[in-house]
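Comments concern the structure below.
Every read-out reported here was derived from the displayed coordinates using simple, explicitly stated rules and does not represent laboratory data. This is a predicted model, so every value here is computed, not measured. So basically every Cβ, Gly included, is an ideal-geometry build from the backbone, and we count neighbours across all protein chains shown.
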Amino acid sequence: MTNLFILQLLNGLQFGVLLFLIAAGLTLVFGIMDFVNLAHGVLYMVGAYLMATFVAMTGSFTLGMLLAIPAALVFGLLVEYLVIRKLYHRSHLDQVLATFGLVMIVSEGVKIIWGSAPLSVPVPELLSGSIALVGPLQYPVYRLAIIATGLLAALMLYLLVNHTRIGMLLRAGATNQRMVAALGVNITRLFTMIFAFGVMLACFAGAMVAPILSVDTGMGESVLILTFVVIVIGGIGSIRGAFLGALLVAMVDTLGRTFGPILLRMVMDSSDASQVGRTLAPMLVYILMAAILFAKPDGLFGRKTT
Amino acid sequence: MSVAEQPMPRARMLGRTKAAWVIFALAALLPAFAALTNDPFLTVIGTRILAFAIAAMALDLILGYGAMVSFGHAAYIGFGAYSVAILSRYGITDISLHILAAMAVSAVFATITGAISIRTRGIYFIMITLAFGQMAYFFFVSLSAFGGDDGTTLADRSTFFGTRFLESDLSLYYVTLAILIGLFLLASRLVMSRFGRVLTGTRENMTRMEAVGFRPFRYQLTAFVISGCMTSIAGVILANQAEFISPAFMSWHISGELIVMVVLGGIGNLTGAIGGAVIALLLEEIIGIFTHHWKLYFGIILILVVLYSPGGVSGLVERIRGPRK
């Protein structure tokens, strides 16, 4: 039982850092640009598909990653230039619609180019296998590597936002966009940079999970909505909020699915418990979101919206 | 939020109402046309379109008049559809009871989720309604007694006050049309009433409405609940039309498409939403004739409309006809 708990805790942590990578870019886009981007999930998916293609092409995980990230970045910048840039000063409704259109185009485009069958990416040689943790407990090295890279990325992001000039502009832009523009900062270029940065993080996340998930056309959507929950819980525009929110959501989801039925079995008989558990577990994160919003409508670290 | 339009002159309002009646008249003639061209499938598509017109009109009530961009309205379609499936399995087959149950469930869900969502604005509201919609979706995905992810077929359509009237596609079509017209009249009355004017007021300027002495929250929540209940009726019809239910009815893509319909037709006038539903679904069918990848082209059209034709199709019509006095 303790072993299972540690195992699930690690799984939750791994899922959490992944969610954070995706949410970090998006929360900046939402918070600083006041822009609703539904297409963030499909960009994550494109990252995974590019990874699958390049790894298959070069036969090397590292080379694949080195090619996939710039390619995804080019794609993201193209999307920004063609569509997103025209929407910065439009209503949220227009942004929702146009990026919803993007979701349709990209997911259908991916189906046309790569087909509907899921792709798989081999785990790199160096990181394959498992290592022993405590006692008989084994954990795959690759998943530990994801946790480590994710935490490293979080640390770098923290340093970038809090201790560099670009980070200062980001924070300033989030607080008062007009004032920053009036002081001579090119806001459009700043926006493009933020967007590109978010795309890169999302694609990196997509490329990292490609070996442990099957790469398919639905992968962007399930993650997108969870990312929204993370951002809403953490507060729009807050990287710190995104980090805590991501860990919270991932832990509740992972532990809820495993231990929900086990806990319920103490109060009801086992077949009922597993049925109720299965029904409740996927809803837990939304209930958590509702509870947090009920207490704090702007999320844990959000600024006042009204 | 700049979804607000200019206040609409009464003459234009009447013009829009006329346009709605033209759509209803054409819809009433569709089965005759289907019989002439010997294409009964038209009536089936027609029922689908009219059902979505109900849902789009319900969404317009809060999106257009209350500036609440709900991205979770597909949930109510799901409540409607599953009311039919669940009650039918326990021997309650009448459509009036199905609609009643669908509205009751929707009212409860809309009250709870609305009370939490309406306290927030802008991007938050969009994301929260989306998340709640997804919560409902996952609930039905894990409901293995009704097929879970795969859904389940209905043994029979709902009975109509004890008769098997709805088994014919034609009568289902006309019942749907009648419901649409009824709800259109109801919604038109609603938006012209004191309640509707207060709601429109909150869309234009919340602070001013509070200063005048209204509590916007109550009006917005009431509108949210009414809209959810109306949308669930569309779900009851769609389940009967397809004789099949699955969580796919309530995926977030459907919520997105509902918003597309409302905006395509022009927000803040009920006729636009109805027209938008007709246009969007016809477009899907027509592109679908030529290619399986209709979503690709639909997405492109959508982006072009958003970028280059503010106000949707009715905005386009107005620009072509020039400004009216």
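Below, the figures for the structure above:
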item: Distance from the stretch A:46-98 to the stretch A:103-181 (C-alpha centre basis), Å; result: 14
item: Spatial separation of Cα centroids for the stretch B:144-183 and the stretch B:265-292, in angstrom; result: 23
item: By average C-beta atoms within 10 angstrom, highest first, the peptides B:170-180, B:147-157; result: B:170-180, B:147-157
item: Pairwise Lys count, the protein assembly as shown - Cα closer than 24 Å, eight or more residues apart or different chains; result: 4
item: Dipole-positive endmost among A:Leu28, A:Thr149, A:Val96 within the stretch A:2-295 (Cβ charges, Cα centre); result: A:Leu28
item: Global geometry of the stretch A:151-306, whether rounded, prolate or oblate, following the gyration tensor of its Cα atoms and the 1.5 cut on a/c; result: prolate
item: Among B:Ser168, B:Leu282, B:Leu180 the positive-end extreme of the charge dipole of the protein assembly as shown (Cβ point charges); result: B:Leu180
item: Partner chain coverage, peptide B:142-149 - average Cβ within 10 angstrom; result: 2
item: Net charge, B:Gly151 excluded, C-beta distance under 15 Å - Lys, Arg +1, Asp, Glu -1; result: -2
item: Residue with peak Gaussian network fluctuation, chain A [Cα springs, cutoff 10 Å], from A:Ile22, A:Ile225, A:Ile233; result: A:Ile225
item: Cα convex hull volume per residue for the stretch B:41-251 (Å³); result: 110
item: Dipole magnitude of the protein assembly as shown about its Cα centre (Cβ charges: Lys, Arg +1; Asp, Glu -1), debye to nearest 20; result: 2300
item: Per-residue average of Cβ from other chains inside 10 Å of B:299-309; result: 6
item: Shape category assigned to the protein assembly as shown from the gyration tensor of Cα positions, a/c cut at 1.5; result: prolate
item: Shielding by partners, peptide A:289-296 (average Cβ within 10 angstrom, other chains); result: 3
item: Estimated [θ] at 222 nm from DSSP helical runs (n ≥ 4, -39500 (n - 2.57)) normalised by residues in the protein assembly as shown, nearest 500; result: -25000 deg cm²/dmol
item: Centre separation in Å (Cα based) which lies between the stretch B:21-100 and the stretch A:232-299; result: 34
